[in-house]
Ligand code: B4P
């Protein structure tokens, strides 16, 4: 199976849910920028204070902060990894390419999880995280369309992209993902 992966998709598509399962079953490092940022907020660190309001509004945290977090985790990790929710815009994707070239590593596959807006909103509202009210969710979807969706073409051009239908049970989607990582 491919060992160096990105999960891409709109908020609520289930990136975190699927990434956690796949990383646990295949011994990959699971790097969720969302989880790492939330941990900083919870810990009340300086970084947490800087990002709290941005996350609550549904905007993206600054590229420099996110990149520093990713760099510190990948720098000393030579085995398989799964990046979940990063990169989130073209600047982050280009910075990741530079970082990986420096570390002599490369992305093997990008999995795009696709789901209708109706289902996304439904899932996020039932998750009930503090940034999951309808107004913020709609804004996050807008940010996704404007800033993150251009990455689909970027990774398609690099022949790394595979799309997976993210509607169905967690198990069904997990099987679809494993199937596209085999060859
Ligand atoms: P993230 O933490 O990345 O979260 P997400 O996109 O909202 O959700 P995800 O797709 O992982 O869905 P999940 O599995 O939880 O981002 C949060 C914020 O962090 C961003 O808005 C931004 O401010 C900041 N941030 C993160 N990364 C950044 C970056 N690189 N640069 C700048 N800012 C960044 O699933 C959603 C819900 O659906 C869950 O309740 C789950 O249980 C449920 N679910 C999952 N699969 C299901 C299924 N098959 N059926 C039914 N329910 C399902």
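When the chain is treated as a Gaussian network with alpha carbon springs shorter than 10 Å, the biggest mean-square fluctuation among 31, 65, 82 belongs to 65. Classify the stretch 113-176 as rounded, prolate or oblate from the Cα gyration tensor: take a ≥ b ≥ c as the square roots of its eigenvalues, call it rounded if a/c is under 1.5, otherwise prolate when a/b beats b/c and oblate if not. Verdict is oblate for the stretch 113-176. Counting only DSSP H runs of at least 4 residues, each contributing -39500 (n - 2.57), and dividing by the residue count of the chain, the helix-based mean residue ellipticity at 222 nm comes to -17000 deg cm²/dmol. For the stretch 4-181, the gyration tensor built on C-alpha atoms gives a rounded shape. Its axis ratio a/c (a ≥ b ≥ c) stays under 1.5. Each label point was placed 7 Å from the Cα along the Cα-to-Cβ direction; for residue 116 and residue 46 their separation is 4.8 nm. Working from label points 7 Å from Cα in the Cα-to-Cβ sense, the residue 97 to residue 145 distance is 2.7 nm. Between the stretch 141-183 and the stretch 57-82, what is the C-alpha centre distance in whole Å? Each part's Cα centre sits 19 Å from the other's. Here the extension length gained between residue 108 and residue 178 equals 23.8 nm, from 0.36 nm per residue of separation less the Cα-Cα distance.
Once both labels are positioned 7 Å from their Cα atoms along Cα-to-Cβ, the gap between residue 39 and residue 129 label points is 1.4 nm.
The numbers here are math on the coordinates, done by the rules we state, and not lab data. All of these numbers come straight from a predicted model, not from anything done at the bench. We place every Cβ from the backbone using ideal geometry, glycine too, and count neighbours over all the protein chains shown.
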